[in-house]
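Notes follow the structure.
The values are calculated or read from the model by the stated rules, or taken from the named source; none is laboratory data. Predicted model only: the values in this text are computed from it and were never measured. A quick note on method: Cβ atoms are made from the backbone with ideal geometry, for glycine too, and the neighbour counts reach across all protein chains shown. Side chains are part of the model used for accessible areas, which takes the heavy atoms of the whole protein and leaves out ligands, DNA and RNA. Shrake-Rupley method; radii C 1.70, N 1.55, O 1.52, S 1.80 Å.
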Amino acid sequence: MTPKTQDLPFATVSVIGLGYIGLPTAAFIASTGARVIGVDVNERFVETINRGEVPFVEPGFSAMLEGVVANGSLSAQTTTPEADAYIVAVPTPFKDNHEVDDKFIRAASENLAPQLRGGELIILESTSPPRMTERMAQFILNARPDLTLDEGKENSIYVAHCPERVLPGRIMIEMRDNDRVIGGVTPKAAEMAKDLYATFCDGELLLTDATTAEMAKLTENAFRDVNIAFANELSIISDRLGIDVWELIELANHHPRVNILKPGPGVGGHCIAVDPWFIVSSAPEESPLIQQARATNDGKPEYVLSKVKEAAAGRDNLTIAALGVAFKADIDDLRESPSLDIVERLATEMSDARIHVVEPNVDELPKSLTGYENVQLAPLDQAAKDADIVLLLVDHHQFTEIDPATLGDATVIDTRGIWR
Ligand code: SAJ
């Protein structure tokens, strides 16, 4: 039952940053009956959202967004409004030396500071290095020295960190069901954040301090990165030993205490390939394993390239079908995509070959590939028909449905093990 607005802990909530995490978060809060004002610097995004349309691919999300925009619970704008609670979900890219670039958090803080009246809750959801939430609180206090983090005062503000944990492609389920770690810069801030998440989240709400919450998020993703690195190393060892790595991992995972993830062409996206560096930049001497896992996964595209060159050796006038350039299955996100990197390298290092890119989730060739005459976006059936080499890079469902026998005598390089 949707709680009455007066029963909601925060009548007006502003979500700053309406990307893959911010927008679904805003919609879920709006679906509780709270008034949600989304903020984004991207005017095109704001217009698209105010038409009730989702500016990216996420299964099952458009109906929810359409509903909360239509009933007026959610609207988007480019300026930061007054609100009872703020959720900051802006990007945290890193600089060349893998240190966080806090420019978007700083801008969000400086835009919301003038709107504060005292008593507000400010949550940082962006994945961040240790102590970034405290730094955000300081950005706000620098702009508003009249405010304080001391609890229970007229001019108190409450700052917390609550990292998102949803898996792109499963957001509609995980936004509601996942347990959440909530870290307060002060204990009351954690309690207040718990009240907000309790309005739409059925998972367990686990309270801690802000720095531990930051590290918990980074630890989850670094753990996955290390596990995938182990699988990628196994795949190279298996090639050398002439055994099937997928069978090997399946057999090993029958052990009650073993759960090895899957090898692939590398690790992409803005999370697993990035977040471990936030740990490394905070503890460079103490993180050799995490750094090695990054190196192993960042090295996998090179290995895939060598396999393609091996298959192409001594053959001319080749056509290569590159299946998938998104960073993983069934999404349109190309950020840090190892598959896209591989195709770019093929385009330059095998410039005599024709490269047919098949990506069901995009309508046009990604910008980084438009400069190559030998690269074109192609429909699956044509690419499969013309190919001398079929390079399977992403396990989109459209590709898993292919019967490899229909690929004729093309050389198949299956980096995801879907056609075994
Ligand atoms: N990958 C493999 N083998 C695997 C699993 C993944 O090669 O067995 C590759 C994928 O192809 C992709 C990359 O790793 O290139 C990351 O994909 P993913 O599905 O592992 O994760 P993300 O980046 O989509 O989402 C992760 C999730 N973190 C964990 O599962 C610990 C998600 O819960 C987080 O919310 C998200 O990062 C985030 O935003 O941090």
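The residues on offer are V54, V39, and the sole one that is touching a strand residue (DSSP E or B) at 6+ places or on another chain (Cβ under 8 Å) and surrounded by 15 or more Cβ atoms within 10 Å (Cβ to Cβ) is V39. For segment 266-300, the set of residues classified as more than 11 Å from the ligand (Cβ to nearest atom) and in contact with a Gly (Cβ under 9 Å, 6 or more places away or on another chain) consists of D298, G299, listed by residue number.
In the condition set (1) in a loop (DSSP other than H, G, I, E, B); (2) farther than 24 Å from I171 by Cβ; (3) away from the ligand (no atom under 12 Å from the Cβ), P263 is compliant with all but (3). The residues of segment 167-192 that are open to solvent by 20 Å² or more (accessible area, probe 1.4 Å), more than 16 Å from the ligand (Cβ to nearest atom) and part of a helix (DSSP H, G or I), listed by number, are P187, K188, E191, M192. Being within 22 Å of D96 (Cβ to Cβ), more than 9 Å from the ligand (Cβ to nearest atom), touching a residue at least 12 places away in the same chain (Cβ under 8 Å) and not aliphatic (A, V, I, L, M) is the requirement here; does R315 meet it? No; evaluated as a whole, the condition is false for this residue. Here G203 fulfils each of the conditions (1) within 16 Å of the ligand (Cβ to nearest atom); (2) among the small types (G, A, S); (3) outside any helix (DSSP H, G or I); (4) more than 24 Å from the chain's Cα centre (by Cα) apart from (4).
Of these, P360, P284, P338, which one is open to solvent by 10 Å² or more (accessible area, probe 1.4 Å), outside the structural domain of T133 (by TED's automatic domain parsing) and closer than 30 Å to M215 by Cβ? Just one listed residue meets the conditions, P284. Taking first residues from segment 207-227 that are farther than 14 Å from R180 by Cα and partners that are open to solvent by 70 Å² or more (accessible area, probe 1.4 Å) and within 11 Å of the ligand (Cβ to nearest atom), the Cβ contacts under 8 Å between residues at least 6 apart in sequence or on separate chains come to N227/N259.
Restricting to segment 360-395, count the residues that are of a type outside the set (A, V, I, L, M, F, W, C), over 16 Å from V308 (Cβ atoms), in contact (Cβ under 8 Å) with a residue 24 or more places away in the chain and in contact with a helix residue (DSSP H, G or I) (Cβ under 9 Å, 6 or more places away or on another chain). Result for segment 360-395: 3. On inspection, V343 fails the criterion of being within 16 Å of the ligand (Cβ to nearest atom), in contact with a strand residue (DSSP E or B) (Cβ under 7 Å, 6 or more places away or on another chain), assigned to a loop (DSSP other than H, G, I, E, B) and open to solvent by less than 40 Å² (accessible area, probe 1.4 Å). Restricting attention to segment 370-403, and to residues there that are β-branched (V, I, T) and under 26 Å from the mean Cα position of the chain (by Cα), which single residue is nearest to V325 (Cα to Cα)? Within segment 370-403, the match that is nearest to V325 (Cα to Cα) is V394. Count of segment 295-312 residues, restricted to those that are free of Cβ contacts under 8 Å to residues at least 60 places away in the same chain and touching a Pro at 6+ places or on another chain (Cβ under 7 Å), is 1. Checking E125, E164, E151 one by one, the residue that is open to solvent by 50 Å² or more (accessible area, probe 1.4 Å) and acidic (D, E) is E151 and no other.
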